[in-house]
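Asker: Structure provided below as structure tokens; questions to follow.
Every read-out reported here was derived from the displayed coordinates using simple, explicitly stated rules and does not represent laboratory data. Owing to the predicted nature of the structure, the values given are computational and were not obtained by experimental measurement. Counting neighbours? That spans all protein chains shown, and the Cβs are built from the backbone with ideal geometry, glycine included.
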Amino acid sequence: MADFTFYKARYHFELTGLKARDLLELVGVIKDVDESVVFNHIYHALLDYHFLPPEYPNDFSYWIADVLHEPALAERLADLDLRELNDPESLRKKIIKIIEEYLATHDVSGRAGIGQEFHFVRCISVVFPTKTVARDLTDVLEIIKGSDDLDSIFYYFIASRLLDGGHYRALSDWVLEKDSHELMGKLDNLYPYGFANLNAMKIEIVKIIEGYFWEHL
Amino acid sequence: MNEKRSIWDYEDIVGRSLLEDLETLAEHIPGTVQHINATYSGGGVAEILSSMIPLFVGLGIETEWNVIRGDDDFFSVTKGFHNALHGRAEDSIAVCAEHTDVSVMDDIENQINELTTRKEMFETFLRWNRINAEEMELDSDYMIIHDPQPAALIDVKKRGKWVWRCHIDVSNPDPLVWNFLRDPVSKYDASVFSTPLFTRPDLGIRQFLVPPSIDPLSDKNIELSQGEIDSVLDKYGITQDKPIITQVSRFDRLKDLPGVIDAYKRVKKRMDCQLILAGGVAADDPEGMGVYREVMEKAEGDEDIHVLLGSPPFEDIEINAFQRASTVIMQKSLKEGFGLVVAEGLWKGKPVIGGATGGIPLQIINGVTGYLVHSSAGAAYKIANLLKNPELARTIGENGREHVRHNFLITRHLMDYLMLLISLDDPSGVIRL
């Protein structure tokens with residue numbers, strides 16, 4: 001089994017100059033923007049909130065509730081099943097569908113005041129190899145357990161999986177070389193919004209791998 | 001000004017992972033970097049660069065920090081630009097109102113005079129930018145130009161990538177000044193703003209988002225012993241036998257110091273406490289001393305209100321001690337830039353109550369790291385709640401410190417700069433090193 005080098009990403013943010021003041025404008029821009037914009041507004045809060053789960057897990061929900069005062073729509077957008085929406089286009093389509101259905105059935109007149117607009121921001125991922133190398137699954141477990149580096153967790157289990165899949169697939173292939181389909185299946189099924197924060201997600205990953213070892217090794 | 005500092009000095013504060021990543025990314029910066037601004041000392045930009053440049057150098061990136069020079073006229077013009085760009089719409093309205101009773105001819109004459117003055121301002125600005133461009137070596141691979149004062153240096157660009165780092169809010173500028181400045185700024189390869197709220201839709205170049213930061217190892221933020229705190233408070237005759245509410249800010253109307261005193265007085269009726277208002281008067285603000293006198297008047301007769309005018313300015317250690325001695329920190333601004341003093345308070349583990357303006361809501365997550373308020377009554381209610389519930393104050397303070405640790409420290413800022421430089425050559429959303 002070849003050694004496995006861990007990668008990670010750091011993120012920074014570019015303004016698109018696009019903004020929305022109401023739901024129609026919001027959905028109109030979502031239809032056109034780059035996938036890294038949709039990714040940013042759905043996921044970046046997971047990186048930001050290290051200590052407490054935010055009231056809503058993504059920027060769209062938060063703005064719709066806080067500024068447009070449409071909590072029912074905010075809740076629908078907070079409940080996206082991200083296990084099924086595993087590519088940016090399906091995620092975008094789902095968001096558009098939820099908002100358009102809501103617009104069709106509700107009399108919505110909320111409009112943001114000056115300074116309260118929704119600003120569309122693009123997330124740029126800078127991906128690079130770390131110095132961490134695993135020889136086998138036991139190493140993987142120890143590395144994840146011992147690391148304070150939640151960015152790698154975010155990168156493998158959220159960013160890489162959704163944005164291009166390359167490094168997540170590499171991890172998956174490497175695990176599958178050990179014929180660990182069951183383990184990979186459980187990892188594939190992780191649902192990022194279900195956790196209070198990234199550390200809770202890390203603890204769950206450790207639990208899954210330890211559970212696998214307990215049953216199979 | 002090109003001292004060197006190791007990023008590993010920050011290991012106990014931010015952990016290994018970020019520092020290792022900084023070293024990895026620094027290896028991918030292929031050239032030299034030069035920062036240019038208007039001053040080596042005084043103000044937030046100089047404060048950030050004083051911490052940032054030694055870290056760039058410590059990472060092995062050849063980095064220079066230079067400042068432009070100018071005469072009094074030039075700096076008076078750039079101060080005027082600053083005010084005109086920094087959302088002074090209310091001043092424009094006041095000026096317009098003054099013109100309502102004059103005749104059409106007088107009005108036209110006033111407008112011509114105004115335009116002539118503006119033309120002279122623009123010529124002064126461009127002349128000093130040309131003088132500086134001739135005198136400086138502007139040939140680094142990455143040129144980072146801070147704020148409007150040196151913005152026209154871009155006119156002599158021969159090579160490299162040029163970034164305009166705008167620290168002020170230009171979202172609601174005086175149109176004439178902005179139209180003048182937009183011409184040089186739109187020649188840059190990219191611009192950087194502190195929050196989306198501060199940007200312009202008409203720049204035509206890439207706009208990146210990089211919030212400012214505080215340095216946890218600077219005198220303003222470093223840990224202090226109780227002895228050091230006591231000695232500063234003794235110097236100013238402040239006892240620590242009752243809770244301290246503090247606002248550190250210039251004596252400026254937009255900081256709503258009377259509103260802070262009103263909030264304190266409401267709380268004081270319910271429980272014993274004291275108030276520190278510490279700040280200076282900006283040399284270029286003719287209203288500052290007037291505000292100070294009004295605050296003194298409003299505080300008169302209450303020995304528990306300590307109005308401290310820093311003249312000469314307070315030492316950073318003293319500001320640090322005031323904040324660390326506080327039970328609750330206020331920043332009840334009516335209008336604010338980024339308001340990094342909020343991050344300073346949060347970093348000291350204190351609950352901060354602030355006005356919902358400028359960059360303050362990015363730092364105060366309402367009910368989590370502090371409270372956003374819209375009135376003196378609202379501020380009083382939150383202060384009293386925190387004073388009555390030390391456990392709540394402690395939890396909110398701890399949350400605030402963690403929020404700053406992850407988002408507003410100089411090491412995160414450095415990481416953002418490295419990623420910015422790497423991104424200038426690559427417009428894609430995923431950059432693989």
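Asker: Please compute, for the alpha-carbon atoms of chain A, the extent along each of the three principal axes and give them in descending order in Å.
Answerer: 59, 31, 30
Asker: Restricting to Cα pairs below 8 Å that are 6+ residues apart, what does the relative contact order work out to for chain B? Please round to a whole percent. Working shown, then result.
Answerer: Numbers: 724 pairs, mean separation 64.6, N = 433.
Once normalised by length, the contact order is 15 percent.
Asker: OK, next. Semi-axes of the equivalent ellipsoid of the protein assembly as shown: what are they in whole Å, largest first, if each equals the square root of 5 times a C-alpha gyration tensor eigenvalue? Intermediate values should be presented prior to the final figure.
Answerer: On the way: eigenvalues 349, 193, 148 Å².
Taking √(5λ) for each eigenvalue gives 42, 31, 27 Å, largest first.
Asker: Sticking with this one: Report, please, the projected area of the stretch B:292-351 averaged over directions, based on the convex hull of its C-alpha atoms, in nm². Spell out each step's value before the answer.
Answerer: Numbers: hull surface 20.6 nm².
Over every viewing direction, the Cα hull of the stretch B:292-351 projects on average to 5.1 nm².
Asker: Among B:L362, B:L392, B:L409, which one shows the biggest mean-square fluctuation in a GNM of chain B, springs joining Cα atoms closer than 10 Å?
Answerer: Checking each option, the largest mean-square fluctuation is seen for B:L392.
Asker: When chain A is treated as a GNM, springs tying every alpha-carbon pair under 10 Å, which of A:G28, A:G166, A:G17 comes out with the largest mean-square fluctuation?
Answerer: Looking only at A:G28, A:G166, A:G17, the biggest GNM fluctuation is shown by A:G17.
Asker: With r defined as the distance between the Cβ atoms of B:I131 and A:R111 and R0 fixed at 35 Å, what FRET efficiency is calculated, to the nearest 0.05?
Answerer: Details: r = 49 Å, r/R0 = 1.39.
Calculated value: 0.10.
Asker: Follow-up. Most fluctuating residue of B:E134, B:E47, B:E318 in a GNM of chain B with Cα springs under 10 Å: which is it?
Answerer: Of B:E134, B:E47, B:E318, the most mobile in the Gaussian network model is B:E134.
Asker: Size of the dipole of the stretch A:13-122 about the Cα centre, Lys and Arg at +1 and Asp and Glu at -1 on the beta carbon, nothing else charged, in debye to 20?
Answerer: On the way: 11 positive and 21 negative charges, 27 e Å.
Using Cβ point charges on Lys, Arg, Asp and Glu, the stretch A:13-122 gives about 120 debye.
Asker: By its C-alpha gyration tensor, with a ≥ b ≥ c as the square roots of the eigenvalues, how is chain B shaped: rounded for a/c under 1.5, else prolate for a/b larger than b/c, else oblate?
Answerer: Numbers: a/c = 1.96, a/b = 1.18, b/c = 1.66.
Since a/c reaches 1.5 but b/c is at least a/b, the shape of chain B is classed as oblate.
Asker: Taking Rh as the Kirkwood radius, which is the inverse of the mean 1/r over Cα pairs, what is the Rg/Rh value for the stretch B:146-210?
Answerer: Numbers: Rg = 11.0 Å, Rh = 11.9 Å.
Ratio of gyration radius to Kirkwood radius: 0.93.
Asker: With θ set to phi - 60°, apply the Karplus curve 6.51 cos²θ - 1.76 cosθ + 1.60 along the stretch B:154-167 and write out the HN-Hα couplings as whole Hz, x wherever there is a Gly or Pro.
Answerer: 3J(HN,Hα) across the stretch B:154-167, in whole Hz: 4, 4, 9, 3, 10, 8, x, 9, 10, 10, 9, 9, 9, 8.
Asker: Here is a further query. So, with +1 on the Cβ of K and R and -1 on the Cβ of D and E, and no other charges, what is the size of the charge dipole of chain B about its Cα centre, to the nearest 20 debye? Spell out each step's value before the answer.
Answerer: Working: 44 positive and 67 negative charges, 277 e Å.
So the dipole magnitude of chain B works out to roughly 1340 debye.
Asker: While we're here: Using helices alone, what [θ] at 222 nm do you get for the protein assembly as shown, with -39,500 (n - 2.57) per DSSP H run of 4 or more residues, divided over all residues and rounded to the nearest 500? Present the calculation step by step, with values, prior to reporting the outcome.
Answerer: Details: 27 runs with 315 residues, N = 650.
Helix contribution divided over all residues of the protein assembly as shown: -15000 deg cm²/dmol.
Asker: Could I ask something else about it? Taking the Cα atoms of the stretch B:226-407, what is the range of coordinates along each of the three principal axes, in descending order and whole Å?
Answerer: Projected onto its principal axes, the Cα set of the stretch B:226-407 covers 37, 34, 31 Å.
Asker: Cross-link list B:K235/B:K268; B:K4/B:K157; B:K298/B:K348; B:K269/B:K332; B:K255/B:K382; A:K8/A:K31: which exceed 22 angstrom alpha carbon to alpha carbon? Please list the in-between numbers first.
Answerer: On the way: B:K235/B:K268 24 Å; B:K4/B:K157 28 Å; B:K298/B:K348 29 Å; B:K269/B:K332 20 Å; B:K255/B:K382 18 Å; A:K8/A:K31 29 Å.
Result: B:K235/B:K268; B:K4/B:K157; B:K298/B:K348; A:K8/A:K31 exceed 22 Å.
Asker: Now for a different question. Between the stretch B:51-66 and the stretch B:15-43, what's the alpha-carbon centroid distance in Å?
Answerer: Their Cα centres are 6 Å away from one another.
Asker: How long are the three semi-axes of the equivalent ellipsoid of the stretch A:13-122, in whole Å, if each is the root of 5 times an eigenvalue of the C-alpha gyration tensor, listed from largest down?
Answerer: On the way: eigenvalues 71, 52, 48 Å².
One finds semi-axes of 19, 16, 15 Å for the stretch A:13-122.
Asker: Once you average over the residues of B:190-197, how many Cβ atoms of partner chains fall within 10 Å of each Cβ? Don't skip to the end; give the middle numbers.
Answerer: Numbers: counts 1, 1, 2, 1, 0, 2, 10, 5.
Taking the mean over all residues of the peptide, I get 3.
Asker: OK, next. Can you find, among B:A38, B:A84, B:A379, the residue sitting farthest towards the positive end of the charge dipole of chain B, where Lys and Arg contribute +1 and Asp and Glu -1 at Cβ?
Answerer: Value: B:A379.
Asker: Another question about this same structure. Going Cα to Cα from B:K158, which lysines come in below 21 Å? Please leave out same-chain ones fewer than 8 positions away.
Answerer: Cα-Cα hits under 21 Å: B:K187.
Asker: Same structure, new question: In degrees from 0 to 90, rounded to the nearest 10, what is the angle of the helix A:198-216 Cα long axis to the longest principal axis of chain A?
Answerer: So the helix axis and the longest Cα principal axis differ by about 40 degrees.
Asker: Residue by residue through the stretch B:186-194, which ³J(HN,Hα) values in whole Hz follow from phi under the Karplus form 6.51 cos²θ - 1.76 cosθ + 1.60 (θ = phi - 60°), with glycine and proline marked x?
Answerer: Values, residue by residue: 6, 8, 6, 6, 6, 10, 9, 10, 7 Hz.
Asker: Taking amide hydrogens as modeled 1.01 Å from N in the peptide plane, which residues meet the under 5 Å criterion relative to B:I431, leaving out close sequence neighbours?
Answerer: For B:I431, the qualifying residues are A:S125, A:V126, A:V127.
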